[in-house]
1. How many of the residues making up segment 34-63 are in a loop (DSSP other than H, G, I, E, B) and in contact with a strand residue (DSSP E or B) (Cβ under 8 Å, 6 or more places away or on another chain)?
2. Among residues belonging to segment 1-30 that are acidic (Asp, Glu) and either modelled with pLDDT of 90 or more or surrounded by fewer than 10 Cβ atoms within 10 Å (Cβ to Cβ) (or both), point out the one that is nearest to Tyr51 (Cα to Cα).
3. Which of the residues belonging to segment 37-55 are exposed (fewer than 10 other Cβ atoms within 10 Å of the Cβ) and at negative phi?
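The values are calculated or read from the model by the stated rules, or taken from the named source; none is laboratory data. Please read these numbers as outputs of a predicted model, since none were measured by experiment. Cβ atoms come from the backbone with ideal geometry, glycine included; neighbour counts cover every protein chain shown.
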Amino acid sequence: MAEIIKFVYIMILFVSLLLIVEAGGNECVTDVDCEKLYPGNKKPLICNIGYCLSLYKEPPRYM
């Protein structure tokens, strides 16, 4: 009986992890999608492997 409960518990964990990963999805397909997702952003954005990235490089904060 305890083995069955343990098995069901493990299956619930795996299914919930799978659903979390699937819900993450990609943010963009093209660079235009990034502009639509972040309309107020003044820095140039590109779509790289499904995620929007900024081309702006910040200067170092400490020296």
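1. 5
2. Taking the candidates together, the pick is Glu22.
3. Result: Pro39, Gly40, Lys42, Leu55.
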